[in-house]
Each structure stands twice: as structure tokens, then as C-alpha cells.
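To keep things clear, I will list the structure first and then write my remarks on it.
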Amino acid sequence: MATSMEKVVSNTAKSSILSEDNLRYERKYICSSAYLEDLVQDLFSNSYGFEEIFEKRRINNVYFDDCNYNFYKQNVSGIGTREKYRLRWYGDNFSLLKNPSIEIKKKFGEVGDKITHKLGDLVLDIKSLSIYNLMEIVTNEIEDNPLLKNRLQQLQPALYNSYERRYFLSDCKKFRITLDFHQRFYDPYYTNYVASERRIEDDIVVLELKYNLNDDGEARGISQEFEYRVSRNSKYVQGIDLIKGLSF
């Protein structure tokens, strides 16, 4: 799914080029002990008139990091300028990796950019692959982008992650909200990754408000109607903490 807030790059090496037009805010709210349908009704009754725009779906990710977990460390330390690489696909069966994309997220203080590089019709069974086989297959699929291929060859899978998401759009079309829930995390280095599963409690929902750079002032009116406060939240950091128990 590509929107005006998302840039898709395929068959090009321009994925390192950023424009202010592509920068967006992503305000996250952790809704604990929340009933999902109550949150949905709150969005429907919000004065900005949010409507659900897509079917609920499960998002699956492989997060990449270097051997020293520097992406993790930068996030925990609150480094303002940082990046994140992940392989993403959709579907209820995590093991069936189908039509994936590489996503590069770059953060610049409170705003960021996301670039998507589609990998075509690739279909894999994760259960039958080692992480080394997975990396070899993925990097071979991006011959058309040598810069991205070279960067990925410096990284390795660090975390498997899966969660459900619902999508909402304001009546003015400027503001998008996603609700993420039923989060699951796995260690890619387990022979049977399912045995390493860790979960976030099902009554915790991550609400994310997304909008373009020049709409920040107006967005405050939306957030004032939320009873939850904005919070730093990274699924990658949470997952590494749960799976690896890292502490820096």
C-alpha cells in the first residue's frame, strides 16, 4: 500500500535521496488496558471524522542490524539521526514470506522518512531457511539497487516480528492513524523460531498518528482528544529486549 506519506523506490538506486516533502511526523501513544473497539469508537467520534480505510491485516517483519546491534543502541540512546532496515510482508501465516519489500526508515529528530523497495514475486517458507539462506536470497533480489544491496550485506537478521494493524484516515485526508495489537516476537537464530515466541499483552494497543511536516500545528487538535499521552515506542527495541534481554 503506497500513500502520499510513503515513497516507493524500485529499479533505482535513488533510495538515499530525501526531500522535505517526504518527511512526516509519527506520534505514538501506548494504550494499555485498552479495549480495541473502544479505541475504534473514539476515532469514529473524533472531531476530525476518522474512518476505517482498509481491511485489518497482519504485518510481518524481519529487522536487520549489524553485529554490534548499533541500530538498537542508537534508538535506546535517543540518537536524533538514525536509520532502520526491515523486510516486510503481509499475511496471517508468518512462515509464508510472500511479495515482500525492503523498507528503510530514516529518523531526523521528531520527523522521519520511509522508503520502500519492492522485491517482486518472491515467495519463501521461512521455516525451511536458515537466516543465512534468507539473507542470500534477499540480497540477490536487489541487483538493481547496488547501494541498498551493499548496505544489507553489512547487516544480519536480528528479530522476527508480527502484529495486527487497522487503518484510519481523517475526513480532511491529512491525518492517518494506525492501531497495532497482538504483537509477537521471535528469535531468528532459533532452529524453530516459533519456540522463541514472546508476546506483548493483548490489551496493549499502539496508536500512531501520522501526518506531513506542515500539518503539525493542526495535529495538536487531534491529540488533545486522546486520553493517552504520546510516548517513545519502538517495536524493534521492545522485541530485542524481550528476545535477547540486552542491556546497554
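The values are calculated or read from the model by the stated rules, or taken from the named source; none is laboratory data. Nothing here was measured: the structure is a model prediction, and the numbers come from that model. Cβ atoms come from the backbone with ideal geometry, glycine included; neighbour counts cover every protein chain shown. Just so you know, the surface numbers come from the protein's heavy atoms only, side chains and all, with ligands and any DNA or RNA stripped out. Shrake-Rupley method; radii C 1.70, N 1.55, O 1.52, S 1.80 Å.
At what distance in angstrom do the alpha carbon centres of segment 171-185 and segment 216-248 lie from each other?
Taking the Cα centre of each part, segment 171-185 and segment 216-248 sit 12 Å apart.
Quick check: at a probe of 1.4 Å, how many percent of the accessible area of the chain sits on carbon and sulfur atoms?
Carbon-and-sulfur percentage of accessible area, whole number: 45.
Can you pull a Stokes-Einstein diffusion coefficient for the chain at 37 °C (0.692 mPa s), Rh from Kirkwood over Cα pairs, as a whole number of µm²/s?
174 µm²/s
Would you mind calculating the relative contact order of the chain from Cα pairs under 8 angstrom and at least 6 residues apart, reporting the percent as a whole number?
Over the chain, the number comes to 28 percent.
Might you report the magnitude of the Cβ-based charge dipole of the chain about its Cα centre, with Lys and Arg at +1 and Asp and Glu at -1, to the nearest 20 debye?
Dipole about the Cα centre, nearest 20: 640 debye.
Express in nm, to one decimal, how much length is gained between SER196 and CYS67 on full extension, taking 0.36 nm for each residue of separation and deducting their alpha carbon distance. All intermediate terms of the calculation are to be shown ahead of the outcome.
Working: separation 129, 0.36 × 129 = 46.44 nm, distance 2.00 nm.
That works out to 44.4 nm of additional length.
What number comes out for accessible area per residue over the chain if the probe is 1.4 Å? Units Å², please.
Value for the chain: 49 Å² per residue.
Which GluC sites (Glu not before Pro) in segment 48-99 sit in a loop by DSSP (not H, G, I, E or B) and have at most 14 other Cβ atoms within 10 Å of their own Cβ? Mind showing how you got there, number by number?
Values: sites: GLU51, GLU52, GLU55, GLU83; in loops: GLU55.
Listed in order of number, the matching sites are GLU55.
Take the residue pairs LYS127/LYS149; LYS210/LYS244; LYS106/LYS127; LYS28/LYS105; LYS149/LYS210 and return only those whose Cα atoms are more than 22 Å apart.
Those over the limit are LYS127/LYS149; LYS210/LYS244; LYS106/LYS127; LYS149/LYS210.
Give the peptides 189-200, 89-100 in descending order of average Cβ contacts within 10 Å, highest first.
Averaged packing, sorted descending, gives the order 89-100, 189-200.
Quick check on the chain: helices-only [θ] at 222 nm, where DSSP H runs of length 4 and up contribute -39,500 (n - 2.57) each and the sum goes over total residues. Nearest 500, please. Could you put the intermediate results ahead of the total?
On the way: 6 runs with 53 residues, N = 248.
That comes out to -6000 deg cm²/dmol.
Which Cα, out of LEU43, PHE71, VAL111, lies furthest along the positive dipole direction of segment 16-130 (beta carbon charges, K/R +1, D/E -1)?
Farthest along the dipole direction, towards plus: PHE71.
Measuring from a point 7 Å past the Cα of LYS173 along Cα-to-C-beta, which residues in segment 49-64 have an amide N at less than 17 Å?
49-54
How far apart, in nanometres, would the label points at GLU52 and GLU103 be if each is projected 7 angstrom from Cα along the Cα-to-Cβ direction?
Roughly 2.0 nm, to one decimal.
Below 16 Å, Cα to Cα, which aspartates and glutamates can LYS84 reach? Residues fewer than 8 away in the same chain don't count.
GLU6, GLU26, ASP65, ASP66, GLU103, GLU110, ASP113
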